[in-house]
Structure formats: structure tokens, C-alpha cells
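Notes for the one structure printed next.
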Amino acid sequence: MKRYRRQLQVGILLALLLLGGCAHYPVNQPLPSPVNQKDYVFETFSNPARSDETFVALTFSGGGTRAAALAYGVLEELRRTKLPGTDRTLLEEVDVISTVSGGSFTGAYYALFGDRLFTDFRREFLERNIQGELMLDVANPINWFRLASPWFSRIDLAAELYGRTIFASKTFQEISSQGRRPFLIINATNLQNGARFEFTGDQFRYLGSDILSYPVARAVAASSAFPFLLSPLSLINYPYPEERKLTKEDRLALEDYWNNRRRYQAADNHALYLDATKHPYVHLMDGGLADNIGLRAIYDLYLRKDIRRRINDGKIKRFLVIAVNAKAEKPGDLDQRESPPSLPTVAFKTCTISMDSYSFETVEGFKNMIQERIQAQKIYSDCQGILDTHCRDSYRIPPLAGGDMKLGIVDISFDALPDAREREYFNGLPTSFSLTGQQVQKLIEVGGRLLANNPDFREFMKQAF
Amino acid sequence: MEYIIVKFGGEDRGVVIDGISQGRTEVVLEVERGSHEISLEEPPSDFKPLDEKVVVRDTTPLSPQEVSFEKI
């Protein structure tokens, strides 16, 4: 009897190991047919009720729950901001949200559930101990067997948890079928080339893959897969005709090595996916490794994609970008000891220093680009003014597409807080998926206040409306 | 940012840049520095050449690169 029991136990263990060993992450599906390649792209997110006249783009940075709560506070303030002379709010004018890591939770929830964010999101995400729940999942013996599989890892457990408890197992189909803006861009990083990887139809076309059937929770998990704490998330790169993978813009940009290295580099990153035999898989990690504030996606839209097209078509009269950056900078005491910092400190600094410096340069670079447009408009109007004053039959200079747009970029960060003690408090908050209710409440409040008091935001609202 | 102006004998017509419709003729359009393929919206296909490849660089809003199409 004892022998049979032992055999049964061994049998169950073997069966579990076998089943666990077979565990596999949910794979992205190939594109069913070429006609679907335009799915989940910005241009299909039109909203007849709203024009492009006021174009608002938001970016939500990484930073765990700290970032998610700060972004939530900004959304609340946008909801309180009425457009002069209308009963509409500025939140209703938001056209695109680009998100990274912790900010992806807020952005994805809003894109999926709209105003339900303001009633449910605190309970469903912000005030939960997500990392504690994830640890419990990892500690569950059933999951040990699944985690023993080479095709299933901690990131897949995290994605299951997010899908089950936050995003109701929704896919991009659910966002797409609403057909309403904002268009959500969740950003991750391709470990192969270090390039930004966005969860959009355009990006998935390079993989010959269908984004509509892909779970939103997995995109959020990839976006927030912080190195070492979580494992990379994998996708399949399917063979697909080259003329469908690369756009005409890509092909022209690949000739621009000497003319425009940035444009060439962007196209070269896309060309990586052409050879699915040589590069059959894509492994993604935290979007913060490539761009921790999500502004690069807006940069691409402005420079060469849908925003550029709308400006050239003269559809945009007011253009506002709000970059919500939850970067926390602890003063630290590295420079107060003679002995060099420990290996873990050096490892952490190696991850974060370049991220923070790059974020700073990204914001400043974007500001320069906006300033360049403002200058172009001024040169045009000044020159026309001089001609009108000094020439009898004044010559009309060919008009600049988009005319005299009002442009603004608003940079939200704790650095802008005037009170040193308050600044220190927020800079001291950890990057984790577990904050206290009080910490969350303070972050939400400060997010709204930072936007309402931001001089660039106030100036834009005064000039543009 | 760089600037182009597409001319079609003074006629108003939609412009196509790198395969995407955007902007009109006789208006200064913004493009990224580098190689671009410029054409006009069809129908009608009453212009030549069918498209023109240009490298746009070192322009200003007051001196955009000119791309011309002839009516046929």
C-alpha cells in the first residue's frame, strides 16, 4: 500500500513537471492577411466629434506606482480644466498618450476604460501591493513547475496577474474597436538593438504580426520589465513580404546615412525585422531603457508621421505636449565616503544615470524642435510685415503650412516644486509597485498642482484660447 | 526641419510625400532632412514627371526647395 502511495506521489510529481515543463508564454499571432495591416494605427483613431484643431499629446514616464499616481493626478487636473467658452475639458482633447513602465498602467487603463479610471483605478492598481501579489504568485508551488519551463518566466506570471486583476484580459482589439482617441502607445525596449519598441500596428507590421489579438497586459508587462527584477518578454518575428514590412519612408530613409543619421537609424532599426530567419524572436524589457519618458514616440509622430501630416494639412491650430516625468532623485551620500560605492550601488547607478541623462536631453531636444517651429512662424510673419510696410504692391510670401500655430511643451517633474522639503519627500519615494494610500494621495495631489501651476502650461492656455 | 514648396503651374492640388498625402501645392511644407519622393494626388494623372526624388537639406521657410510638376 505504502509502495503504491509513493508511486502515485512520484507519478503526480512527474506529471506536474511534465505539464509545467510544457508551459509556454502566449505567442503573438501572425498577420491574418495584408488587409489588416492598418489596424491599431493612429490614423484609424479618428473622432468625428472632435477636430484636430487642438492636438494634445501626453507622455507618462516610468517610476513604478509613483509614476502611475503622478500621471493619474495630471489626468484629473486635465479633467478639471475647462476649455474657455465651451463645456469641454482639456482631457477630452487628448489625442495620443505615450507611456513607459509604471506610466503604462495609467495610460492603458484610461485607453481601455475611459472615465472609469477616476472611480476604479486607485482601488484596482494604485493602492494595491502589486509586487507582494506577484511574490505570492511566484511562491505558489504550481507556478514553480511552470517557471521550470524555458518558455515561461516571471514576466509571464506578471502579465497574467495584470491581465486577471487590472485589465480584464482585454486585447488591443478592445481599444481599437472603440475607435476613439486617445491613441495609446505603450513603449518597451528591444534588447537586441536597444531601440524603442512600441505596441502599435505599425511596429507589429514589421514583425508580420497581428497586434489586435495581443493582450494589453502583456504590453504593459514588457514596458515595465525592470532589468534583473523581471525577465524579458518574448515575441515572434514572422516572415512577411519585405514590401509590406518596410514603408516607402523607411526605404528612402535607408539612403540617408550621410544626410540625416537619425532618420537612417530609425529606419535601420525597422529593417532589423526584415529577415525573420536570422532574427526569429524579439526580447523586450522596460521601455525606460530606450526612453524613460515616452517622448520619443511623440517626436517620431511630430517629425515624420501623423502629426507632421496634420500640420502640413493645416489641421492643427494648437499643439500641446505634456511630459509627466516621475523621476525621483535621492540626494545620496556617495561623495561623503572615501571608499568607492558597493557593487549593487554601482549596478543600480549604471542603470539609472544614463536613463535620467537621456530623459533630460530628450525633453530639451523636443523643446528645441518646438522652438524651431515658433521661430519659423516668426521669421515668416516678420518678413511679410516688412514687405507690407515697405513695398507698394506688397508681395505675398508662399504661406507656411499650418500657419500661426500655438505650440507648447509642458515638463512636469518634482524638480519644479518650490518647497525643498516637499521636493525631498517626493524624491525619496521608492520605485516600486507598492506605496501607501497616503503616498498615493500626495502624488495625485501634487500631479494636479504641478500642472496647474506650471508657467508653460498657463502661458499656453492664455495664448491658445 | 526642412522646407519644400511644390509647384504645379499655379494650380491647387494635393501633395504626396513618401507615399502619404499631405499639404497642398504653392504652400511651404515641412519635411525631415533627407531623401523624399514627391508627387501629386491623383486622379487625374495629368502631370509629369509622375514623381520626383529629392534630397532636402539646408533650406529655410523663406527659401524652400522647389519641386515642379508640369501639366500634360
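General observations
- Screening A:GLY332 against (1) surrounded by fewer than 21 Cβ atoms within 10 Å (Cβ to Cβ); (2) at pLDDT 95 or above leaves a single unmet condition, (2).
- From A:TYR358, A:TYR380, A:TYR425, A:TYR395, residue being exposed (fewer than 12 other Cβ atoms within 10 Å of the Cβ) and among the aromatic types (Phe, Trp, Tyr): A:TYR395
- Of the residues making up region A:281-310, just one is part of a loop (DSSP other than H, G, I, E, B) and among the acidic types (Asp, Glu), namely A:ASP291.
- Candidate set: region A:278-297, residues that are touching a Leu at 6+ places or on another chain (Cβ under 9 Å) and hydrophobic (A, V, I, L, M, F, W, C); chosen: the one modelled with the lowest pLDDT: A:LEU289
- In region A:400-412, the qualifying residues are those that are farther than 30 Å from A:ARG66 by Cβ and in contact with a Gly (Cβ under 9 Å, 6 or more places away or on another chain), and the one that is farthest from the other protein chains (Cβ to nearest Cβ) is A:GLY403.
- Any hit, region A:332-340, residues being assigned to a loop (DSSP other than H, G, I, E, B), under 23 Å from the mean Cα position of the chain (by Cα) and on the phi < 0 side of the Ramachandran plot: no
- Of the listed requirements (1) closer than 30 Å to A:ALA158 by Cβ; (2) within 13 Å of chain B (Cβ to nearest Cβ), A:GLY428 misses just one: (2).
- Pairs where the first residue, in region A:76-90, is free of Cβ contacts under 8 Å to residues at least 12 places away in the same chain and the second is crowded, with 16+ Cβ neighbours inside 10 Å and not in a loop (DSSP other than H, G, I, E, B), C-beta under 6 Å, 6+ apart: A:THR89/A:ARG79
- Within region A:233-265, the set of residues being more than 10 Å from every other protein chain (Cβ to nearest Cβ), out of contact with any strand residue (DSSP E or B) (no Cβ under 9 Å at 6 or more places or on another chain) and buried (at least 16 other Cβ atoms within 10 Å of the Cβ) comprises A:LYS245, A:LEU246.
- Output for region A:428-448, where each listed residue is in a helix (DSSP H, G or I), surrounded by fewer than 18 Cβ atoms within 10 Å (Cβ to Cβ) and touching a residue at least 60 places away in the same chain (Cβ under 8 Å): A:GLY437, A:GLU445
- Residue check, A:LYS278 outside any helix (DSSP H, G or I) and free of Cβ contacts under 8 Å to residues at least 60 places away in the same chain: yes
- Filter pass, A:TYR395 being more than 27 Å from A:GLY294 (Cβ to Cβ), within 14 Å of chain B (Cβ to nearest Cβ), not in a loop (DSSP other than H, G, I, E, B) and not small (Gly, Ala, Ser): no
- Scanning region A:269-314 for residues that are more than 14 Å from chain B (Cβ to nearest Cβ), buried (at least 18 other Cβ atoms within 10 Å of the Cβ) and of a type in the set (Val, Ile, Thr) yields A:VAL282, A:ILE293, A:ILE298.
- Residue check for A:SER381: out of contact with any Phe, Trp or Tyr (no Cβ under 8 Å at 6 or more places or on another chain) and farther than 30 Å from B:ARG33 by Cβ: no
- Contact map, region A:246-275: first residue farther than 23 Å from B:ASP51 by Cβ, second residue part of a helix (DSSP H, G or I), Cβ cut-off under 6 Å, separation 6 or more or different chains; pairs are A:TYR273/A:TYR206; A:LEU274/A:GLU242; A:LEU274/A:LYS245.
Every residue, every condition in (1) β-branched (Val, Ile, Thr); (2) surrounded by 13 or more Cβ atoms within 10 Å (Cβ to Cβ); (3) part of a helix (DSSP H, G or I); (4) touching a Pro at 6+ places or on another chain (Cβ under 8 Å), yes or no:
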{"site": "A:TYR109", "(1), (2), (3), (4)": "no, yes, yes, no"}
{"site": "A:LEU112", "(1), (2), (3), (4)": "no, yes, yes, no"}
{"site": "A:GLN131", "(1), (2), (3), (4)": "no, yes, yes, no"}
{"site": "A:MET135", "(1), (2), (3), (4)": "no, no, yes, no"}
{"site": "A:ILE186", "(1), (2), (3), (4)": "yes, yes, no, no"}
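- Hey, B:GLU11 assigned to a loop (DSSP other than H, G, I, E, B) and more than 8 Å from every other protein chain (Cβ to nearest Cβ) or not: yes
- Residue check: A:ILE374 meets all listed conditions (1) within 12 Å of chain B (Cβ to nearest Cβ); (2) in contact with a helix residue (DSSP H, G or I) (Cβ under 8 Å, 6 or more places away or on another chain); (3) among the hydrophobic types (A, V, I, L, M, F, W, C); (4) under 27 Å from A:ARG458 (Cβ atoms) but one, namely (2).
- Screening region B:16-66 for residues that are over 26 Å from A:TYR264 (Cβ atoms) and assigned to a strand (DSSP E or B) and picking the one that is nearest to the other protein chains (Cβ to nearest Cβ) gives B:ARG24.
- Boolean, A:LEU417 is within 16 Å of A:LEU75 (Cα to Cα) and at pLDDT 95 or above: no
Yes/no matrix, rows are residues, columns are (1) among the hydrophobic types (A, V, I, L, M, F, W, C); (2) in contact (Cβ under 8 Å) with a residue 60 or more places away in the chain:
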position: B:VAL6; (1), (2): yes, yes
position: B:VAL16; (1), (2): yes, no
position: B:GLY19; (1), (2): no, no
position: B:ASP46; (1), (2): no, no
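The values are calculated or read from the model by the stated rules, or taken from the named source; none is laboratory data. Quantities reported herein were computed from a predicted structural model and do not represent experimental measurements. We place every Cβ from the backbone using ideal geometry, glycine too, and count neighbours over all the protein chains shown.
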